[in-house]
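Okay, so here's the structure we're looking at.
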Amino acid sequence: MAANQSKPKKPKLDKKTLSQNALFGMGNPLLDISAVVDKDFLDKYGLKPNDQILAEDKHKALFEELVKKNSVEYHAGGSTQNSVKIAQWMIQQPHKVATFFGCIGTDHFGEILKRKTEEAHVDARYYEQSEVPTGTCAACITGDNRSLVANLAAANCYNKEKHLDLEGNWELVEKASVYYIAGFFLTVSPESIMKVAKHASDNNKIFCLNLSAPFISTFFKEPLMKVMPFVDILFGNEMVSEFVPFVRLPFSFQTEDIGEIARRTQSLPKVNESRQRTVVFTQGKDETVVTKGDKVITFPVLDIDQNDIVDTNGAGDAFVGGFLSELVQCQPLEQCIRAAHYAANVIIRRTGCTFPQKPDFH
């Protein structure tokens, strides 16, 4: 990769030394339902061929029709769940290194989601409730385009007191050494995020957060800034759209220089001062910008023929998953980035956030 990766690497840990539940994720679980549809289907529900939207009332019948009239594929989805799923895939053995918490419904889609996470060897411990159905994301495929319609539903109903605080569940949190939560969960249960973040900080463990989308830093600035002092590794995708609003609103950083923004973001107040914050900015096909110590370094992404790119929607989640797979094994930053770029490169060659049976990463 880059010149700064040519230094001798530390010996890689034997993956068998990993324990179950070493990696903890918490977020919005969705059952991805993908099917090939025609233009009439898109028109019926007012969808664009290549778009991402939240479901409205007019889309309620879409999910049922998609399943009834088409040959569908199901996958465990949602941003954080995608990332821990990919981390587990990269690790392979032992199974259930990755734990995941989130809310689903006690319904047919919930049962499918549980089965899919089990197939991915993720230890998913869902909060199950019967009032609201399992969250879903319809991927309506027309040619090379995917129109995504997400219905968060039960994912919005996570309850800290009824799940995270339970002794058996909290014991799983305590078993972990690395924690990852996407910013989307700030809209659901910021109090759950704070409890996990404080535990990580108090015990000198690694807490990772993703900015996820511009609306998080714009409309959920207060809970974001509350958790920021506990963040050891901060991720974000498509830097220009996500990080600029984040750093301008609360801090008035008068710059658009990516390296300078990374440096200033790294130096924000931090509770656990024994562990310096790392900031990771990805920029699609452009180089990844990372803070290491007091330096800002860059890593070029892997080359890929544009004709080989099938779907970029899961690239950000895959990048984080690859990164986490090495981080939980105490590997150096350069190795984490290398795994992140590999995972993203695999996922964009496939439809949805899917992967082959085994990784080819060394």
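The values are calculated or read from the model by the stated rules, or taken from the named source; none is laboratory data. Treat the numbers as computed from the prediction; the structure is a model and nothing was measured. Here the Cβ is made from the backbone with ideal geometry for all residues, glycine too, and neighbour counts use every protein chain on show. These area figures cover heavy atoms from the full protein model, side chains too; ligands, DNA and RNA do not enter into them. Shrake-Rupley method; radii C 1.70, N 1.55, O 1.52, S 1.80 Å.
Miscellaneous remarks
- In this simple spin-label model, placing a label point 7 Å from the Cα along the Cα-to-Cβ direction at both residue 198 and residue 73 gives a separation of 4.3 nm.
- Using the average count of surrounding beta-carbon atoms within 10 Å as a protection proxy, the listed peptides 273-280, 321-328, 150-157 rank, highest first, as 321-328, 150-157, 273-280.
- FRET efficiency, residue 19 to residue 128 (Cβ-Cβ, R0 25 Å, nearest 0.05): 0.45
- Using a probe radius of 1.4 angstrom, the carbon and sulfur fraction of the accessible surface of region 62-209 is 46%.
- Only Cα pairs under 8 Å and 6+ residues apart enter the sum, and on that basis the relative contact order of region 122-177 stands at 30 percent.
- Rounded, prolate or oblate (a/c below 1.5 giving rounded, otherwise prolate when a/b exceeds b/c) for region 56-155 by Cα gyration tensor: oblate
- Accessible area of the chain divided out per residue, in Å², using a probe of 1.4 angstrom: 44
- Per residue, the convex hull volume that the Cα atoms of region 16-64 enclose (Å³): 152
- Packing, taken as the mean count of other beta carbons within 10 Å per residue, orders the peptides 62-74, 257-269 from highest to lowest as 257-269, 62-74.
- Across the chain, the relative contact order, built from alpha-carbon pairs under 8 Å that are at least six residues apart, equals 18 percent.
- As a fraction of the 1.4 Å probe accessible area of region 255-301, surface on carbon and sulfur atoms comes out at 45 percent.
- Region 120-242: Rg to Rh, with Rh as the Kirkwood radius over Cα pairs: 0.99
- Between residue 36 and residue 54, the modelled labels are 3.3 nm apart [label points 7 Å from Cα along Cα→Cβ].
- Each eigenvalue of the Cα gyration tensor of the chain, multiplied by 5 and square-rooted, gives one semi-axis; in descending order these are 30, 23, 21 Å.
- When only the Cβ of Lys, Arg, Asp and Glu is charged (+1, +1, -1, -1), the dipole of region 37-144 relative to its Cα centre reaches about 220 debye.
- Using a cut-off of 30 Å between Cα atoms, the listed pairs 221/295; 48/69; 195/285; 116/221 include 195/285; 116/221 as exceeding that distance.
- Sorted on the mean count of surrounding Cβ atoms within 10 Å across their residues, most packed first, peptides 282-292, 169-179 read 282-292, 169-179.
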